[in-house]
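Okay, structure first, notes after.
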Number of protein chains: 6
Amino acid sequence: MRLQHATWPEIEAYLQRDTGIIVPIGSTEQHGPNGLVGTDAICPETIAWEIGKRHGVLVAPTQNLGMAQHHLAFPGTISLRPSTLIAVLRDTITSLARHGFTHVYFLNGHGGNVGTMSAAFAEVYADRSMRFGPQPAGELHLASGNWFAGPRVRELSASFYGDAEGSHATASEISLSWFARPEAMKEVVMSPRIAPVGSAQCDADEFRRRFPDGRMGSDPSLASVEHGQRLFEAGVADIWENYRAFAGRS
Amino acid sequence: MRLQHATWPEIEAYLQRDTGIIVPIGSTEQHGPNGLVGTDAICPETIAWEIGKRHGVLVAPTQNLGMAQHHLAFPGTISLRPSTLIAVLRDTITSLARHGFTHVYFLNGHGGNVGTMSAAFAEVYADRSMRFGPQPAGELHLASGNWFAGPRVRELSASFYGDAEGSHATASEISLSWFARPEAMKEVVMSPRIAPVGSAQCDADEFRRRFPDGRMGSDPSLASVEHGQRLFEAGVADIWENYRAFAGRS
Amino acid sequence: MRLQHATWPEIEAYLQRDTGIIVPIGSTEQHGPNGLVGTDAICPETIAWEIGKRHGVLVAPTQNLGMAQHHLAFPGTISLRPSTLIAVLRDTITSLARHGFTHVYFLNGHGGNVGTMSAAFAEVYADRSMRFGPQPAGELHLASGNWFAGPRVRELSASFYGDAEGSHATASEISLSWFARPEAMKEVVMSPRIAPVGSAQCDADEFRRRFPDGRMGSDPSLASVEHGQRLFEAGVADIWENYRAFAGRS
Amino acid sequence: MRLQHATWPEIEAYLQRDTGIIVPIGSTEQHGPNGLVGTDAICPETIAWEIGKRHGVLVAPTQNLGMAQHHLAFPGTISLRPSTLIAVLRDTITSLARHGFTHVYFLNGHGGNVGTMSAAFAEVYADRSMRFGPQPAGELHLASGNWFAGPRVRELSASFYGDAEGSHATASEISLSWFARPEAMKEVVMSPRIAPVGSAQCDADEFRRRFPDGRMGSDPSLASVEHGQRLFEAGVADIWENYRAFAGRS
Amino acid sequence: MRLQHATWPEIEAYLQRDTGIIVPIGSTEQHGPNGLVGTDAICPETIAWEIGKRHGVLVAPTQNLGMAQHHLAFPGTISLRPSTLIAVLRDTITSLARHGFTHVYFLNGHGGNVGTMSAAFAEVYADRSMRFGPQPAGELHLASGNWFAGPRVRELSASFYGDAEGSHATASEISLSWFARPEAMKEVVMSPRIAPVGSAQCDADEFRRRFPDGRMGSDPSLASVEHGQRLFEAGVADIWENYRAFAGRS
Amino acid sequence: MRLQHATWPEIEAYLQRDTGIIVPIGSTEQHGPNGLVGTDAICPETIAWEIGKRHGVLVAPTQNLGMAQHHLAFPGTISLRPSTLIAVLRDTITSLARHGFTHVYFLNGHGGNVGTMSAAFAEVYADRSMRFGPQPAGELHLASGNWFAGPRVRELSASFYGDAEGSHATASEISLSWFARPEAMKEVVMSPRIAPVGSAQCDADEFRRRFPDGRMGSDPSLASVEHGQRLFEAGVADIWENYRAFAGRS
């Protein structure tokens, strides 16, 4: 069930039976020579929509922009500052809490969002903890999960790509994005075949010096729609398991 | 051409021939008994993607959240504060300007965003105007257009609905959203047939008192997919005309 | 009745009989070769004070600084960033609401403030809408009106200046400011007689390139104190009509 | 010379011969039973305008709102938060520095502004100190002076009122404001004759408990227009002396 | 070498031979019945000072306040909001970068700081990445390390406490803090012996409901000064190894 | 009693008998050729700890970073922006108020903090004054005191150093810091013997031009540990007297 496709009376009815919601969050950033700029948003969105369909969980609109400052030397990247992303997440959570949502789960597609999401959750809780006296509202549970970090997905990635998986513009995410958008698949020869490894903790110019074509340790020419389909099924299973435990769904 | 479906080398190539981009911006807010919560994002997104397809203009990911504080008493609405939306737009524009985009056009689906978008543009320009000495970057043109305010769309709306068009959850936008998402169409009887009129300048509780089912002056039971298709064609023509004049496209 | 000239017990007494207030808001910015830097503040202030005198409405001190970043390449301009102006308006409204004012009307003299004022009102309402549970305070109505946009003033402007009115440093505002400050009248020959037209949505350096002497489409050498007096009377009538409807004054 | 009454070419000419400016800054806050809400703005404004007239110094529009949170339990008070006032002063100074003003002198009428003004100056300088590499602009000298703290004014106050001067709603400031606005003079019997003394460092409710009619240690029933005139002359002399030393005027 | 105990000419000389610095960062928060409120600051500070002594690395003053909102229902806790801590770290890094420090290593004692530190580093880098054109400064490497997460410390903790180590108010950190401050050691019987486990992602009231005496999964009655000494040596070795690799020290 | 060395149950017990706390606040900034970068934090911390020991008052961890932007051209200085320091103090005070502390006394070692501390207190009070209706919490008294400004310390300083005391890197503070950290004493010949005098209200580059070795009007070669001991005793007596009056301690 997608929030964008529902009416408010339908959401009102949903809240009578369930108070959990999944918010896909990604990034708009370069993903190497053959990866889509939208990869990090498309991947969690695709998995979230499927969970919404299979299990009836409500899915919010995708947060397409994330914290991608280190990719800004590659055209097409759009980044929020961490402080901006904190404000966005805070307003999102506050809006949902007002309606009575008690379990908000961010399904994330971008490692660079993790620290800022954690800071954002703490900012929301600090609003409550620092306003002493009677609290403004009831329970509020926040969690995030990375689609690429569940056990089934990690096992598949390892079996498909081994050391060529890398950490950015990975063959796994490229495969999943192509499964979701087969019309956007591109064939590109990688040179070197496996990209250099290193730290992404730096500014944009330095990042491009370290990783000239945008990949980090990966060989995404190994990606395929078939792999994507299997990663998709694994991701749906991983995240549903994780979400159920979080939201107390049977 | 959708940014999310392109690689960075494709964007680099695009920038050699064109430096304009369209950013769809909407809202996630109640749209009355039969309107989708995503209406304001779906409508401009649909038009933007078609312009991208027909005319080769690059289209950024949709900004799904807007300034919708007055709708927060209806479940499903997610609002950014104006100050948050300003930060989001500022980071978006700054990112695009870094890559060499000179014309950024926000295709808007929500009247409530207009003031804040204008403030955001001024905030970006003030960054330049108040940092005297050699300026950090070249030309930067910003504009916004409402898909529902062009001449062809307004003429169609008037002919279809006359006084029953209203100003929120209008039959026009419901029609266009159904054209874009026919599977999400709903049949709901409206009572009263035409919703009350009034000002939306108030907080959420007051808004719900004034407009009990969320509509403002409209009868969206008149909406249809057929109307939606004609509004879509009108919107594409209106906005393309407007964008061309802005971006200097022949 | 001017707030600056009242004591607090007088304001306490006023609040027993009326809970509306007018806040003049302008800008400090270049107004072409013969226009005063204070034009945009002087014009609404003059009209507000007269309404205060004739109709007993309370008038707050004038907000002399507005959003004028695009004029900063002309000496004398002082601009607030939109985010700063939002903070100022928010604190102003919060202060007034604490005392029990329920209708706050900003009488504006500067087109460049409009978007930011609208964002500021939404920021204030969002404070209420996003703090769910028992609301902190009672009704709060916010509105703004431009002195130059009422029917009587527009008709006079058209009859006096026709196409030479323009959109910045207009003959109308120069006339009204001279009526208010006849000692500051200046005779300057304009060259060209009518200034170029165009968009003000740009940074300060670009604005000065587009509009070399600061005027936009106007011939303010047509201005006169006599015109100013008639515009003043028209403005007082227009705004009083508008304010009465807003504040429910009989 | 008042900035509001000048054209931009006149300011351009002024900057050829002088790069100093005086900015009157006050507050909009209760001043006891017979004091005007505008006292703290009217007093420095009146002195600044006279210095502008006698000595040709440019005078900016008055900053009418200051940091007055502790007075908010008395109707009519409008306060900025310190963080808002810092933003206002920063934008003001940045705007003036862009035009080439090198000496900006804030003529202050409100003790409660002093700490925040000092913080604002440091915020502006920190912008420069923390942006290493070539500095964005030339010299920038900032200073503030309280009209009530110069030697001539203090001597007069002591001789007129002795211990009944107090520290808020003082007989001195009431006198000066009446000299400036004789039409707004009020006769009110004070009870007790001399108000209680204490600290103003508290919130608004506590302030009103400590100082029930708003005065602090003062007997403003001793005020008179005649005193006001002598204080005015003393203030003009004190501030001119102070400003000359600051701005290096001969 | 401690920055607080050096003169500026000594720092100038240091920068000729080394451009790395260690900044201890902790928190001021409850640590259960027998743990010190200062535990999280004392532990990294103690290790940092020893590294400074043994290896000549410069050590900045300890950042005593961290992100501890979830502990605020226990008296003595002082927390910064994430947004405040980001500002503190950004100013700290900007100051150090101005002097020519190129490697800034935050030695952390509090798990709750990790997300916010990561967001703060990204905020600093975004300042560079989003200000396109010639960059304001040279290389800048940022890293953080948790004293309790190195291999030697983890091995010791496991051997000393096994499952009774827990995740807050752990026996390891209590031991180290007692080694550093033996005069502050306390004997307290724990009940239950091992505290409940669970998530700390919640607000302060909820945290205290989940963890009534403040401990999470730990039995800190196992702590001792002797353990502390061995953990200290292990921590110094772990962090020095980590810092050397980061800063390129031989 | 030091907060860092206490457990939360000890703080809970303390709050039963006393609700006052002392927060040492300093700066990390150059102090001339022989003064420690930590002087401004070490001095108040030393006095606060002694008061804590002698009189049982609780002492919070030291705020080591202050507002020191003007010292940033000397290596080793770390400055917070005023807006950052306001946020830090606001969070500190809010945290303490939540626990029931009613009297928070900042014992300050740096003149440059004074304005910003005052602004921070007002920001905290404004949070209360502008949130009308029932206030969020009980009484809250805030005060600050400079260790160097009490009568006993000033008398000693005058008798030891006369005109050579100066206003930054003074012989008094150097003496006290050496008494606290005798191992960090340095012998340096001053040239000129007494440093130039002037205003510190400027940016960092200008400050270094005005005060080439960092001292302002002082001859800190006169400092000694013996002087430091006497200043320490005088400071403890001055501040205890001041704190007692503030906190109502008998």
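Where a number appears in this text, it was derived from the coordinates with a stated rule and is not lab data. For clarity, every value in this text was computed on a predicted model and none was experimentally measured. Positions of Cβ are backbone-derived with ideal geometry, glycine not excepted, and every protein chain shown enters the neighbour counts.
Quick notes on this one:
- Loop-located GluC sites (Glu not before Pro) in the stretch F:76-165 (DSSP state not H, G, I, E or B) with no more than 13 neighbouring Cβ atoms inside 10 Å: F:Glu139.
- Exercise: per-residue mean of other protein chain Cβ atoms within 10 Å, F:25-38: 4
- Shortest-first distances to equivalent copies, position E:Val188, nm, label 7 Å out along Cβ: 4.5, 5.5, 5.5, 5.7, 7.4
- Near-label residues of the stretch C:91-112 by backbone N, under 12 Å of a point 7 Å along Cα→Cβ of C:Arg244: none
- Peptide-level mean, for B:67-74, of C-beta atoms on other protein chains within 10 Å: 6
- For the residues B:Gly112, B:Gly228, B:Gly138, a GNM of chain B with alpha-carbon springs under 10 Å puts the largest fluctuation on B:Gly138.
- CD proxy at 222 nm, helix term only [per DSSP H run n ≥ 4: -39500 (n - 2.57); per residue of chain E; nearest 500]: -14500 deg cm²/dmol
- The angle separating the long axis of helix E:39-55 from the principal Cα axis of greatest extent in chain E is about 50 degrees.
- Of all DSSP beta bridges in chain D, antiparallel share, percent nearest 5: 15 percent
- One residue of chain D places its C-beta nearer than any other to the axis carrying D onto A; that residue and its whole-Å distance are D:Ser83, 8.
- Model label sites at B:Val225 and F:Gln229, defined 7 Å from Cα along the beta-carbon direction, differ in position by 9.5 nm.
- A simple charge model with +1 on the Cβ of Lys and Arg, -1 on the Cβ of Asp and Glu and nothing else charged puts the dipole of the stretch D:127-211 at about 40 debye relative to its Cα centre.
- Taking Cα centre as origin and charging only the Cβ of basic (Lys, Arg, +1) and acidic (Asp, Glu, -1) residues, the dipole magnitude of the stretch F:3-247 rounds to 280 debye.
- Protection proxy ranking of D:49-59, D:16-26 - average other beta-carbon atoms within 10 Å, highest first: D:16-26, D:49-59
- Mean partner shielding of peptide D:214-226, defined as the number of other chain Cβ atoms within 10 Å of each residue Cβ, is 0.
- Local electrostatic count at C:Arg131 - Lys and Arg +1, Asp and Glu -1, tallied over other residues with Cβ under 12 Å: +2
- Peptides A:81-91, F:96-106 ranked from most to least packed by the mean count of surrounding Cβ atoms within 10 Å: A:81-91, F:96-106.
- Between 0 and 90°, nearest 10: helix E:82-99 axis offset from chain E longest Cα axis: 40 degrees
- Annotation: the antiparallel percentage among DSSP beta bridges lying fully within the protein assembly as shown is about 15.
- Using C-alpha pairs under 8 Å with a sequence gap of at least 6, the mean separation divided by the residue count of the stretch A:122-227 gives a relative contact order of 34 percent.
- Note, ³J(HN,Hα) from phi for the stretch F:207-223, Karplus 6.51, -1.76, 1.60, rounded to Hz, x at Gly and Pro: 4, 5, 5, 6, 10, x, 10, x, 7, 10, x, 10, 10, x, 6, 7, 5
- Largest mean-square fluctuation among A:Ala126, A:Ala234, A:Ala149, in a Gaussian network model of chain A whose springs join Cα atoms under 10 Å apart, belongs to A:Ala126.
- For chain F, the longest principal axis of the alpha carbon atoms and the long axis of helix F:171-180 meet at an angle near 60°.
- A Gaussian network model of chain A, with springs between Cα atoms under 10 Å, assigns the largest mean-square fluctuation among A:Pro61, A:Pro220, A:Pro44 to A:Pro61.
- Dipole-positive endmost among D:Leu96, D:Ile25, D:Ala41 within the stretch D:3-247 (Cβ charges, Cα centre): D:Leu96
- Dipole of chain C [Lys/Arg +1, Asp/Glu -1 at C-beta], most positive-end residue of C:Thr7, C:Ala223, C:Gly115: C:Thr7
- The value of relative contact order for chain E, using C-alpha pairs under 8 Å at least six residues apart, is 24 percent.
- Inter-copy separations for B:Arg209, label at 7 Å along Cα-Cβ, nm, ascending: 3.2, 3.2, 5.2, 6.1, 6.2
- Under-5 Å amide H pairs with F:Thr28, H placed in peptide plane, nonlocal only: F:Gly66, F:Ile78
- Rounded if a/c under 1.5, otherwise prolate or oblate - the stretch D:105-250, Cα gyration tensor axes: oblate
- Each part gets one Cα centre, and for the stretch B:143-168 versus the stretch D:1-55 those centres are 49 Å apart.
- What you get for the stretch A:44-141, charging only the Cβ of Lys and Arg (+1) and of Asp and Glu (-1), is a dipole of about 80 debye around the Cα centre.
- Label spacing, shortest first and in nm, from B:Val225 to its equivalents in the remaining copies (7 angstrom along Cα→Cβ): 2.5, 7.2, 8.1, 8.1, 9.1
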